[in-house]
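Single-structure report; data block below.
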Amino acid sequence: MSKRIRVWGFELALLLVAVALAWALPRHLAFTAIAENWAQDFRASYYAPHEPTHPEIVVVAITEDTLARFPYRFPVDRGFLAQLMTYFKDAGVKLVAFDILFDQPTEAAKDAAFREAALAFPTPVITGWTDRQTGLTEKQWAFQHDYLKGMLPAWSNTLKDVSDSTIRRIFPGREEEDGSYRLAFGPAIAKQLGIETPREAQTIRYRITGDSEKPAFRQFPAHAVPVLPKAWFRDKIVLVGADLPFDDRHRTPLAAAQGHAAGVIPGVVIHAHGLAQLLARENPPRGDVSLELLSAALLAAIAIALSFTRIALVWRFLLAGLAVAGFLAINFLLFRHASLTLPVVSPVLVFAFTMGVSSYHAAQLRDGETRFIREAFSRYVAPSLVSRMQEHPELLNLGGVKRSVTVLFTDVEGFTGLSETLDPDMLVRVLNEYLDGMVHCVHVHGGMVDKFIGDAVMAVFGAPEPSADHAEKAIACAIDMHLFATDFANKQRAAGIDWGRTRLGVHTGDAVVGNVGGSLRFDYTAIGDTVNTGSRLEGVNKYLGTSICVSESSAATCKLPLRPIGRLVVKGRVDPLGTFTPVLAGEEALAEEYAKAYAALQAGDAKAPAMFQALVDTYNDALSRFHVKRLKEDDISDLIVMKDK
């Protein structure tokens, strides 16, 4: 439980860090701020609701062709502007606004004509305005101040994002040098029409018609206006301003997806977009911090959940991609239908960060579990089985298969008596040391320690992984076990502990191997007659005088030198079983002489007992001594019937 609390405590902390990063990145990291702006621009260009051409706002553009008609380009010919004012008055225009600065005199008569026409207009005429803080000289500011008296000057400034000089918000206005507040161009027009506007900058919802042939606003070149039908302007709001290739053009969000040509537009058209939004009294695109943090938390939670999901990596990446795609789709739908502009880039970056950190943490936990399983199970089963269990968890299911295996049984003579006399702590220490060495031998030869029964060991070769030479591996393992056990016993006796001889039995045959037990507890083991026979062969060593007894089925495929023992009829069997014992290093001469004596035994030669006695006298061979004793009582034969286990 404490481990689980630690794990989820870490993930909860990671979740909180992810939410904090999602809030901080777009506000304090320039890269993500620029990326978020681009994402918002993309949405504004492609996913804003399509709208028709605005029915009230008309843009009258002073173009290069217009300027070509005047004796000078700037300031704009005010006599011409006066003519436009007369036309607009006659046409019944609702309101006229000039996105033009009147900061210096031109020809006196023309200046007077425009001023007279503006003051005579039925509604106040709105004009551009700026001050000394934005570049006017004292002389320019003084002229502008006096010339525009009686009109409604409004700031013609725009709000550009410093990161990329894009206009995304309506400039509401600001205080004058004398402390009075002056509205900006669009808000001043809206107020004149009875619409109060906030003093905070609003995000502009640029109008998208969805048709390249249909503009957001009707626009006419200024020099063509006098010949156009007056009905086209009746009750309209007319914005007059420049539409020139290199002057008063600004980048808008439309440039992100629609390109430079469509997205860099005249300042007067930008004012028209802002004014249209104010006139509609619609909520501008806005953010929602709580929803922003909630979406970031949800994405981070999904990343953490995917990190702990035990599925293939390719499926995990696919689900991660679907999660991000779903987030983006919902984000764009919220923008289109609810005017919500939630961050896009930062949550995705945080999602990737969270998934990376959480995946690393999950991998560390899995590695820890894997090491625990390997370390725990490797004490009892072969490393091959541990690896197989890790790769194929289905091995832990109940069930088994029938296959050819070799079983190996060991037992220590006199261990029961030793356990009753030896100090318990000492007994456990010595036994653990002994079993550790025996298990090492099994693992070296690719076997599986099936179980411990006190001092006894049962090992299986050929399972869980099939092996063509499992019999030879088992016999080689038995020899190494014998050598280890002999050396171990000698050391213990030297230390005053009467450790007995280790007996080993090896048998090959078919057995059922698999998980045997109940749903709550089971063992991977081998069962069947083969196992019982192997156990019997271990036990007969105490009568034969041998340390290792190998069945003929194991010896059949073994290339190691072996001495025949005889045809044994072990307890519980009817048919005789050929048995052998390995030839150890240094026993080559004994094995050669023994082979001759055993051949005589098989032939029923009366010389066989004497030949075995010679081996006892020369080599003190325990197996030959068994034959000598047996042959004195029985007929000369290699058939041995065991009366005890």
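The values are calculated or read from the model by the stated rules, or taken from the named source; none is laboratory data. Keep in mind it's a predicted model, so treat the numbers as computed, not measured. A quick note on method: Cβ atoms are made from the backbone with ideal geometry, for glycine too, and the neighbour counts reach across all protein chains shown.
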Checklist entry - When only residues in region 267-315 that are under 30 Å from residue 52 (Cβ atoms) and among the acidic types (Asp, Glu) count, which is modelled with the highest pLDDT? => result 282
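Residue-wise test of (1) closer than 24 Å to residue 78 by Cα; (2) under 57 Å from the mean Cα position of the chain (by Cα); (3) not in a helix (DSSP H, G or I).
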site	(1), (2), (3)
146	yes, no, no
150	yes, no, yes
153	yes, no, yes
168	no, yes, yes
182	no, yes, yes
186	yes, yes, no
189	yes, yes, no
194	no, yes, yes
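For (1) basic (Lys, Arg); (2) within 18 Å of residue 11 (Cβ to Cβ); (3) crowded, with 18+ Cβ neighbours inside 10 Å, each residue gets a yes or a no:
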site: 277; (1), (2), (3): no, no, yes
site: 287; (1), (2), (3): no, no, no
site: 314; (1), (2), (3): no, no, no
site: 326; (1), (2), (3): no, no, no
site: 353; (1), (2), (3): no, yes, yes
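Yes/no matrix, rows are residues, columns are (1) assigned by TED's automatic domain parsing to the domain that holds residue 505; (2) in contact with a Leu (Cβ under 7 Å, 6 or more places away or on another chain):
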residue: 543; (1), (2): yes, no
residue: 562; (1), (2): yes, no
residue: 565; (1), (2): yes, yes
residue: 572; (1), (2): yes, no
residue: 603; (1), (2): no, no
residue: 632; (1), (2): no, no
residue: 635; (1), (2): no, no
Checklist outcome for this item: Cβ pairs under 6 Å, 6+ apart or interchain, first in region 578-598 and not assigned by TED's automatic domain parsing to the domain that holds residue 536, second among the hydroxyl-bearing types (Ser, Thr, Tyr) and in a helix (DSSP H, G or I), ordered by first then second residue, are 590/619
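Every residue in region 146-181 that is basic (Lys, Arg), at pLDDT 85 or above and closer than 22 Å to residue 250 by Cα, please.
Narrowing region 146-181 to residues basic (Lys, Arg): 149, 160, 168-169, 174.
Add one more test, that the residue is at pLDDT 85 or above, and what stays is 149, 160, 169, 174.
Those that are basic (Lys, Arg), at pLDDT 85 or above and closer than 22 Å to residue 250 by Cα: 160, 169, 174.
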Checklist entry - Which residue, of 25, 12, 16, is assigned to a helix (DSSP H, G or I), assigned by TED's automatic domain parsing to the domain that holds residue 352, touching a Pro at 6+ places or on another chain (Cβ under 9 Å) and at pLDDT 75 or above? => result 25
Checklist outcome for this item: Residue count, region 539-577, condition under 26 Å from residue 589 (Cα atoms), assigned to a loop (DSSP other than H, G, I, E, B) and touching a residue at least 60 places away in the same chain (Cβ under 8 Å), comes to 8
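On the given criteria, is residue 632 basic (Lys, Arg), farther than 23 Å from residue 474 by Cβ and surrounded by fewer than 18 Cβ atoms within 10 Å (Cβ to Cβ)? Walk me through how you get there before you give the answer.
Working: basic (Lys, Arg): yes; farther than 23 Å from residue 474 by Cβ: yes; surrounded by fewer than 18 Cβ atoms within 10 Å (Cβ to Cβ): yes.
Against the criterion (basic (Lys, Arg), farther than 23 Å from residue 474 by Cβ and surrounded by fewer than 18 Cβ atoms within 10 Å (Cβ to Cβ)), residue 632 qualifies.
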Checklist outcome for this item: In region 44-103, residues that are farther than 15 Å from residue 125 by Cβ, of a type in the set (S, T, N, Q) and more than 60 Å from the chain's Cα centre (by Cα) total 1
Checklist entry - When you scan region 38-125 for helices (runs of 4 or more DSSP H) that lie fully inside it, which ones turn up with 3 or more residues that are closer than 20 Å to residue 243 by Cβ and among the hydrophobic types (A, V, I, L, M, F, W, C)? => result 78-91
Checklist entry - So, in region 46-62, of the ones that are in contact with a Leu (Cβ under 9 Å, 6 or more places away or on another chain) and surrounded by fewer than 18 Cβ atoms within 10 Å (Cβ to Cβ), which residue ends up farthest from residue 336 (Cα to Cα)? => result 56
